[in-house]
Amino acid sequence: MNYLLALGALAVGIYTLSFATWLWKQQNKRGAVGTFLLTVITLAVSFYSIFLRQPF
């Protein structure tokens, strides 16, 4: 079940990274960097909470 949750988070992350790539090509570098950082931080927290956090 954990892998399905991770797959969902990864799919959203890939979609958001493609949006950051589109922003970069549209010369919106600040928006692209912000979107990229937000995506990386969100994926890191998601994977931490799914796989590394100790259950109650």
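The values are calculated or read from the model by the stated rules, or taken from the named source; none is laboratory data. Quantities reported herein were computed from a predicted structural model and do not represent experimental measurements. Cβ atoms come from the backbone with ideal geometry, glycine included; neighbour counts cover every protein chain shown.
Before moving on, here are some points about what is shown:
- Taking (1) free of Cβ contacts under 8 Å to residues at least 12 places away in the same chain; (2) within 17 Å of Phe51 (Cα to Cα) in turn, Leu5 satisfies each apart from (1).
- Pair list, Cβ under 6 Å, 6 or more apart: region 15-26 residue farther than 12 Å from Leu38 by Cα, other residue surrounded by 10 or more Cβ atoms within 10 Å (Cβ to Cβ): Leu23/Gly31; Leu23/Ala32; Trp24/Ala32
- Exclusive hit being at pLDDT 95 or above and of a type in the set (A, V, I, L, M, F, W, C), set Leu17, Leu5: Leu17
- Residue match in region 33-52 (condition: at negative phi, assigned to a helix (DSSP H, G or I), among the polar types (S, T, N, Q) and surrounded by fewer than 12 Cβ atoms within 10 Å (Cβ to Cβ)): yes
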